[in-house]
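Let me begin by presenting the structure, written as structure tokens, before commenting on it.
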Amino acid sequence: MTKKHMSEKDKKDWDSLYEYVKQLMDYDENQALSKTFCLRLKGLKTNKYIENKSMKDMSNYSYDVVLNTFKYCSMDIKKAFSRIEFKDETHKFNYMLKIVESRLNTIYLKMKNAEKRRESLSKIDISSSIEYINTYKSRNSGNKKQDNLDELW
């Protein structure tokens, strides 16, 4: 999928992922990731070695999931970068992608479960709790201790 065919959210998420990977690779603002590196990053989204239209997509992660996986793996990546002598930039990049690939499903599931929890929390009806609190406050309105507590409400 070219950037022209991406949704606005995908474009924004891709840009964030791209910049984060540049930072991990210790690139400055004058450097760009190679086309091959970009295709490898895009391949993570569809669980392919490299993004191309001739292969069937094996998954459909969002770029947000891929970015969060990079963030989750950042300490492992930095540790590897500091202790391994890579033969070239491609070797370094591929090593980093292997770390990330192994954790994509884990992060996807964590994000999916977090979204389910957010949805279930948004559906909780707290009106009965508020009614109980108001009933309790009105029953104890003559109580001096309660008057002190009322200041907290």
Need the failing condition index for Asp10 against (1) part of a helix (DSSP H, G or I); (2) within 17 Å of Val100 (Cα to Cα); (3) out of contact with any Lys or Arg (no Cβ under 6 Å at 6 or more places or on another chain), just the number.
(2)
Might you check whether a residue that is buried (at least 17 other Cβ atoms within 10 Å of the Cβ) and under 21 Å from Lys112 (Cα atoms) occurs anywhere in the range 80-93?
no
Is it true that Leu17 is closer than 19 Å to Ile99 by Cβ and in a helix (DSSP H, G or I)?
yes
Applying the selection to the range 41-54, what residues are surrounded by 15 or more Cβ atoms within 10 Å (Cβ to Cβ), of a type in the set (D, E, K, R) and out of contact with any Lys or Arg (no Cβ under 9 Å at 6 or more places or on another chain)?
Lys45
Suppose we keep only residues that are among the small types (Gly, Ala, Ser) and surrounded by fewer than 11 Cβ atoms within 10 Å (Cβ to Cβ) within the range 94-134. Which one would you say is nearest to the chain's Cα centre (by Cα)?
Ala114
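Return yes when Lys22 is crowded, with 16+ Cβ neighbours inside 10 Å, modelled with pLDDT of 95 or more and basic (Lys, Arg) and no when it is not. Give the steps one after another, and end with the answer.
Working: crowded, with 16+ Cβ neighbours inside 10 Å: yes; modelled with pLDDT of 95 or more: yes; basic (Lys, Arg): yes.
Yes: the conditions hold for Lys22.
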Would you please name the residue that is surrounded by the fewest Cβ atoms within 10 Å (Cβ to Cβ), looking only at residues in the range 55-66 that are under 23 Å from Met111 (Cα atoms) and of a type outside the set (A, V, I, L, M)?
Asn60
Going by the structure shown, is Phe86 part of a loop (DSSP other than H, G, I, E, B) and touching a helix residue (DSSP H, G or I) at 6+ places or on another chain (Cβ under 9 Å)?
yes
Can you confirm whether the range 55-66 contains a residue that is assigned to a helix (DSSP H, G or I) and among the acidic types (Asp, Glu)?
yes
Select, from Asp64, Asp76, the only residue that is acidic (Asp, Glu) and touching a residue at least 24 places away in the same chain (Cβ under 8 Å).
Asp64
Look at Thr69 and say whether it is among the hydroxyl-bearing types (Ser, Thr, Tyr), surrounded by 10 or more Cβ atoms within 10 Å (Cβ to Cβ), assigned to a helix (DSSP H, G or I) and more than 22 Å from the chain's Cα centre (by Cα).
no
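The values are calculated or read from the model by the stated rules, or taken from the named source; none is laboratory data. For clarity, every value in this text was computed on a predicted model and none was experimentally measured. All Cβ positions, even for glycine, are placed from backbone atoms using ideal geometry, and neighbour counts span all protein chains on display.
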